[in-house]
Amino acid sequence: MEICRSLTPRVLETALPLLNDSALCVLDANLPQETIEYLAHKLTVPLAADPVSVAKAPRLGPALPRLAALKPNLPEARALTGLAEGDAPTAAQALHRMGVERVFLSLGAQGAYYLDREGGEALPCLPGPVADTTGCGDAFLAAALDGLVRGLPGRQSARCALAAAALRAAGRPVSREAIGQAIKDGGVA
């Protein structure tokens, strides 16, 4: 956390050319709010974000209109939108109206809800053994953003994300090939 706090606008100013030469930049709400705001203003590449917690999610507020993708869970989505209640489609639509292009709303064991300009859909988790859930959200986000960078439709990116999370939960290696196989097989054996 100390490293995140040290990533100030002043420190990142020299990294702007490198960051702007990337395909995508992911903002993490562990960063200081001033850094998030600075990067949202200065970066020209597509931005994605992970709220990381209900307490830190509001830090992303000023960046929402710039986000190509966002991966909150339902409580984080509510914190970002100010909704006291509401289901996944309602929260995703609110985020979309706030400017987020693609919302990948994690629903834990119930799967995910994705929404983009083409529409939205709830998708279930892929079946498989659960050895450890540590890193499942990170695997989900990485696969969803890989799909975005490769130009995949939102539904396909969401399916890849769910497959990556299932592979991670089963303790299996996560790769594009393994994701494709898990989708083809309908789960992780």
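The values are calculated or read from the model by the stated rules, or taken from the named source; none is laboratory data. Keep in mind it's a predicted model, so treat the numbers as computed, not measured. Because the Cβ atoms are built from the backbone with ideal geometry, glycine has one as well, and the counts that use them run over all protein chains shown. These area figures cover heavy atoms from the full protein model, side chains too; ligands, DNA and RNA do not enter into them. Shrake-Rupley method; radii C 1.70, N 1.55, O 1.52, S 1.80 Å.
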Scoring only Lys, Arg, Asp and Glu (+1, +1, -1, -1) among other residues with Cβ under 9 Å from the Cβ of residue 138 yields 0
Based on DSSP, what percent of beta bridges with both residues in the chain are antiparallel, to the nearest 5? 45
With +1 on the Cβ of every Lys and Arg and -1 on the Cβ of every Asp and Glu, the dipole magnitude of the chain about its Cα centre, in debye rounded to the nearest 20, is 160
C-alpha center-to-center spacing [the range 137-169, the range 1-43] in angstrom: 23
Residue-normalised 222 nm signal for the chain, counting each DSSP H run of n ≥ 4 as -39,500 (n - 2.57), nearest 500 deg cm²/dmol, is -12500 deg cm²/dmol
So, with a 1.4 angstrom probe, what is the percent of accessible area on the chain that is carbon and sulfur? 55
Would you please state which residues of the range 31-70 a label at residue 10 would reach in this model, taking the label point 7 Å out along Cα→Cβ and a backbone N cut-off of under 14 Å? 35
For the chain, which longest stretch is free of loop sites, where a loop site is one of the GluC sites (Glu not before Pro) that DSSP puts outside H, G, I, E and B and that has at most 13 other Cβ atoms within 10 Å? 1-84
Per residue, what accessible area does the range 109-183 have, given a 1.4 Å probe and all protein chains present, in Å²? 49
Please compute the Kirkwood hydrodynamic radius of the chain from all pairs of different C-alpha atoms, in Å with one decimal. 16.7
Against the empirical 2.2 N^0.38 Å scaling, what ratio does the C-alpha Rg of the range 123-165 come to? 1.13
State the dimensionless ratio Rg/Rh of the range 1-91 (Rg: radius of gyration of Cα atoms; Rh: Kirkwood radius). 0.99
Expected max-MSF residue from 163, 143, 131 in the GNM of the chain (alpha carbon, under 10 Å) is 131
Mean accessible surface per residue for the range 1-45, computed with a 1.4 Å probe while every protein chain stays in place, in Å²: 62
Is there a quick way to get the dipole size of the range 108-189? I mean about its Cα centre, with the Cβ of Lys and Arg at +1 and of Asp and Glu at -1; what is the value in debye to the nearest 20? 120
Using a 10 angstrom cutoff on alpha carbons, build the Gaussian network for the chain and name the most mobile of 45, 11, 26. 11
Please list the radius of gyration and Dmax for the range 33-75, considering alpha-carbon atoms only, with Å as the unit. 10.0, 29
